[in-house]
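Student: One structure is given below, represented as structure tokens, and several questions about it will come after.
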Amino acid sequence: MNKTCKKILQTLIKGGKGTQYICAYDPAWVGLADISIEDMAQKLSMPVEDIRAASKFLVENGYLEYQKAGDRKAGFHLSYKGLNWKYYRREEILRYIADKWVDFFAAVISLLSLVISIIALLQGSK
């Protein structure tokens, strides 16, 4: 998750309506939503295209859900996962570490071996 995604999630959370804070894609929905994508882009000082791309990524990863008007995607809002994104992000990191602990352990042993070798080399040159 990059900074753009984090800023979008933080903006939606700061809206104070939980999962009911809606950002509108569709200009017809601007009056019904809490913020338009253009306003969000201006607020975050980013291009609208970046907000759209990041919101698509966030939907694909479960942090946002589309707000639909019939068959059209009128906007997006937070999912439960998006509302608690820091918890889920921490869980992803811990899962990654649990999967890679052998690699981390091997790296530590290699680093210790390098340090011991350098110390032995320096002591042998005296």
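The values are calculated or read from the model by the stated rules, or taken from the named source; none is laboratory data. Source: prediction; values computed, not measured. Positions of Cβ are backbone-derived with ideal geometry, glycine not excepted, and every protein chain shown enters the neighbour counts. Protein only, heavy atoms only, side chains kept; ligands, DNA and RNA dropped before computing areas. Shrake-Rupley method; radii C 1.70, N 1.55, O 1.52, S 1.80 Å.
Student: Search the stretch 18-35 for residues being surrounded by fewer than 20 Cβ atoms within 10 Å (Cβ to Cβ) and among the hydroxyl-bearing types (Ser, Thr, Tyr), and hand back the single one that is farthest from Trp85 (Cα to Cα).
Tutor: Restricting to residues being surrounded by fewer than 20 Cβ atoms within 10 Å (Cβ to Cβ) and among the hydroxyl-bearing types (Ser, Thr, Tyr), the top hit is Tyr21.
Student: Which ones in the stretch 2-17 are open to solvent by 50 Å² or more (accessible area, probe 1.4 Å) and either on the phi < 0 side of the Ramachandran plot or part of a strand (DSSP E or B) (or both)?
Tutor: Scanning the stretch 2-17 gives Asn2, Lys3, Lys6, Lys7, Gln10, Ile13, Lys14, Lys17.
Student: Pull out all pairs, ordered by first then second residue, where Cβ-Cβ is under 8 Å, the residues are six or more apart or on different chains, the first lies in the stretch 45-56 and is without any contact (Cβ under 8 Å) to a residue 12 or more places away in the chain and closer than 11 Å to Tyr25 by Cβ, and the second is among the acidic types (Asp, Glu) and open to solvent by 70 Å² or more (accessible area, probe 1.4 Å).
Tutor: Note: pairs meeting the criteria are Val48/Glu38.
Student: Against the condition over 19 Å from Thr4 (Cβ atoms) and either of a type in the set (A, V, I, L, M, F, W, C) or assigned to a helix (DSSP H, G or I) (or both), how does Leu58 come out, does it pass?
Tutor: For Leu58, the condition - over 19 Å from Thr4 (Cβ atoms) and either of a type in the set (A, V, I, L, M, F, W, C) or assigned to a helix (DSSP H, G or I) (or both) - is not met.
Student: Another question, if that's okay. Determine whether the stretch 84-104 contains at least one residue that is open to solvent by less than 70 Å² (accessible area, probe 1.4 Å), in a strand (DSSP E or B) and touching a residue at least 40 places away in the same chain (Cβ under 8 Å).
Tutor: No: the stretch 84-104 contains no residue that is open to solvent by less than 70 Å² (accessible area, probe 1.4 Å), in a strand (DSSP E or B) and touching a residue at least 40 places away in the same chain (Cβ under 8 Å).
Student: Only residues that are in a helix (DSSP H, G or I) and open to solvent by less than 90 Å² (accessible area, probe 1.4 Å): list them for the stretch 39-53, please.
Tutor: Asp39, Met40, Ala41, Leu44, Val48, Asp50, Ile51, Ala53
Student: Scan the stretch 60-72 and report the pairs whose first residue is at negative phi and whose second residue is at pLDDT 90 or above and polar (S, T, N, Q), with Cβ atoms within less than 7 Å and a gap of 6+ or a chain change.
Tutor: Tyr63/Ser79; Leu64/Ser55; Leu64/Ser79; Glu65/Ser79
Student: Of a type in the set (Val, Ile, Thr) and free of Cβ contacts under 8 Å to residues at least 60 places away in the same chain - does that describe any residue in the stretch 5-12?
Tutor: yes
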